[in-house]
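Take a look at the structure below.
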Amino acid sequence: MSTAKIILGEKEYELPVVVGTENEVGIHTTKFRGQSGAITLDPGFGSTGSCESGITFINGEEGILRYRGYAIDELAEKASFPEVCYLLIYGELPNKAQLEKFSDDLTRHSLIHEDMKKFYEGFPANAHPMAILSSMVCSLSTYYPETGEPGEDDLNIIRLLAKAKTIAAFAYKKSIGQPFIYPKNDLSYSANFLNMMFAVPAEPYTVDPIFESTLNKLLILHADHEQNCSTSAVRLVGSSHANIFASMTSGICALWGPLHGGANQAVIEMLTMIHNDGGDYKKYVKKAQDKSDDFKLMGFGHRVYKNFDPRARILKAAAGEILEKMGVNDPLLDVARQLEEVALNDDYFVQRKLYPNVDFYSGIIYRAMGIPTEMFTVMFALGRLPGWISHWREMRNDPSMRIGRPRQIYTGPQGRTFVPVESR
Ligand code: SDX
């Protein structure tokens, strides 16, 4: 199968076919408009690929997710988040020396310039931390302007991964009026973030190893997901050769939407609403099916997964484990489990293959760790940062990549002559 044919009017056009390493088939339409004058049209890009990529593979029908060929459940159980960052960005798991250097670099670049602390004074106390994260990440480009020097991208990748967690933790401290806690060089990536979030100057604080390992797992599960909305935004912005900090900022902003990364915050708000409404989850399953009601079951459904999101399965187990280990009984977990049970047996959801996605259980775990709801999407962004970086780097290192510039079908008024306001 090396070509596909499109018959348009009286003419037949033959287009090359691309087959990936997992036997996915793509019809290469780059030259189609030049040959036919016509374009393909696919709002939402449900059947359109933007690129060929060797980073992440998803099989939505079978619920498979692999980073550079490694299964997500194996990485979540056995790897550290820095290891997965290195794997996604550079294509291979680091050896011992490479991992030590990479982890050490991440530790030593965790501080932000002292002047950047002043930015926080300008934000209102109730500023959403995603607004702060996006502003601060873009502002990193003012402290690290592009020089074109060799190794600049690798150093900026370290700066982004290392400083994003500090920026996020400082945003939380700002929101509760507590002093910033600086990074500590003797802590792991996850422990350093938790320490910056929850330590206070007045008394000693020790990061709970359960929280540290759970956060490590959460960050790995969110690290990449091929051409999702925010990663596509990063690729498109990066294709104009905007600097890496500006490109990552576009990913943060795209992720914020409640249909995408903002869903984890929306799930907890939905579960809380159901709990406060007497726990009548069946009422909300029905509401989600009512076309006259714009209520959606947040945390359910996915453009690609038409089976269980493998990340949701891992997070469902982790939510139960951490609550049990902590001896916490979160009523929202009960509501989530009841909602899932009813929805998975309801024709509306079964027919549309709507299953819990990565956002359905993650918020339960963040809550158990004491992370406030408004920080949930920031947690998603911290996890997804290596994925955005890996796609930005793959795109920028691809000599065949051009600036992204989709076409359209115009449906507005045809040519007409200007009429002076007196005559309108
Ligand atoms: C993430 O792309 C990625 O990989 C994203 C992500 C990643 O790691 O980057 O996995 C992270 O964003 C997960 C998704 C988080 N969002 C939510 O949980 C929000 C709720 N979900 C929906 O908004 C929706 O399912 C989407 C946005 C996730 C997917 O939207 P699609 O692919 O455009 O599907 P659709 O809206 O066309 O839905 C198909 C049908 C429709 O009904 P009909 O018109 O066929 O009658 O299913 C219905 C929808 O109304 N539907 C839902 C529903 N999701 C879809 N109905 C009720 N509740 C829902 N949650």
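Restricting Thr377, Thr373 to those that are out of contact with any strand residue (DSSP E or B) (no Cβ under 9 Å at 6 or more places or on another chain), touching a residue at least 40 places away in the same chain (Cβ under 8 Å) and closer than 19 Å to Phe81 by Cβ reduces the list to Thr377. Applying the criterion of being β-branched (Val, Ile, Thr) and in a loop (DSSP other than H, G, I, E, B) to the residues of region 196-214, the residue that is farthest from the ligand (Cβ to nearest atom) is Thr206. Within region 302-329, restricting attention to residues that are crowded, with 22+ Cβ neighbours inside 10 Å and touching a Leu at 6+ places or on another chain (Cβ under 7 Å), the residue that is farthest from Ile58 (Cα to Cα) is Ala319. Among residues of region 275-301 that are among the acidic types (Asp, Glu), those with a Cβ under 6 angstrom from a residue that is surrounded by 12 or more Cβ atoms within 10 Å (Cβ to Cβ), sequence gap 6+ or separate chain, pair up as Asp293/Lys287. Of all the numbered requirements in (1) in contact with a Leu (Cβ under 8 Å, 6 or more places away or on another chain); (2) assigned to a helix (DSSP H, G or I), Gly34 misses one, and that requirement is (1).
In region 334-352, the residue that is most open to solvent (accessible area, probe 1.4 Å) out of those that are farther than 12 Å from Gly299 by Cα and in contact with a Phe, Trp or Tyr (Cβ under 8 Å, 6 or more places away or on another chain) is Gln338.
Within region 368-424, being assigned to a helix (DSSP H, G or I), basic (Lys, Arg) and out of contact with any Phe, Trp or Tyr (no Cβ under 9 Å at 6 or more places or on another chain) holds for Arg384, Arg396.
Is it the case that Ile365 is open to solvent by 10 Å² or more (accessible area, probe 1.4 Å), touching a Leu at 6+ places or on another chain (Cβ under 7 Å), part of a helix (DSSP H, G or I) and on the phi < 0 side of the Ramachandran plot? No: the conditions fail for Ile365. For region 346-362, a residue qualifies if it is away from the ligand (no atom under 11 Å from the Cβ) and touching a residue at least 12 places away in the same chain (Cβ under 8 Å), and exactly one does: Tyr361. Annotation: Thr40 fulfils all but one of (1) open to solvent by 50 Å² or more (accessible area, probe 1.4 Å); (2) of a type outside the set (Gly, Ala, Ser); (3) out of contact with any helix residue (DSSP H, G or I) (no Cβ under 8 Å at 6 or more places or on another chain); (4) without any contact (Cβ under 8 Å) to a residue 24 or more places away in the chain; the unmet one is (3). Cβ-Cβ contacts under 6 Å between residues 6 or more apart (or on different chains), taken from a first residue in region 84-112 that is in the same structural domain as Lys163 (by TED's automatic domain parsing) and within 24 Å of Ala169 (Cα to Cα) to a second residue that is open to solvent by 40 Å² or more (accessible area, probe 1.4 Å) and modelled with pLDDT of 95 or more, are listed as Thr107/Asn185; His109/Arg159.
Do we have any residue at all in region 176-195 that's outside any helix (DSSP H, G or I), more than 16 Å from the ligand (Cβ to nearest atom) and on the phi > 0 side of the Ramachandran plot? Quick ask: steps written out before the conclusion?
Initially, region 176-195 is screened for residues outside any helix (DSSP H, G or I), giving 176-188.
Then keep just the ones that are more than 16 Å from the ligand (Cβ to nearest atom); that gives 176-188.
With on the phi > 0 side of the Ramachandran plot added as a condition, the list becomes 177.
Yes; the residues of region 176-195 include at least one that is outside any helix (DSSP H, G or I), more than 16 Å from the ligand (Cβ to nearest atom) and on the phi > 0 side of the Ramachandran plot.
Within region 242-267, residues that are on the phi > 0 side of the Ramachandran plot and modelled with pLDDT of 95 or more have Cβ atoms under 6 Å from residues that are away from the ligand (no atom under 11 Å from the Cβ) and of a type outside the set (D, E, K, R) in no pair, counting only partners at least 6 apart in sequence or on another chain.
The values are calculated or read from the model by the stated rules, or taken from the named source; none is laboratory data. All values derive from a computational prediction rather than experimental measurement. When we count neighbours, we look across all protein chains shown, and the Cβ atoms used for this are built from the backbone with ideal geometry, even at glycine. Note: areas computed on protein heavy atoms with side chains; ligands, DNA, RNA excluded. Shrake-Rupley method; radii C 1.70, N 1.55, O 1.52, S 1.80 Å.
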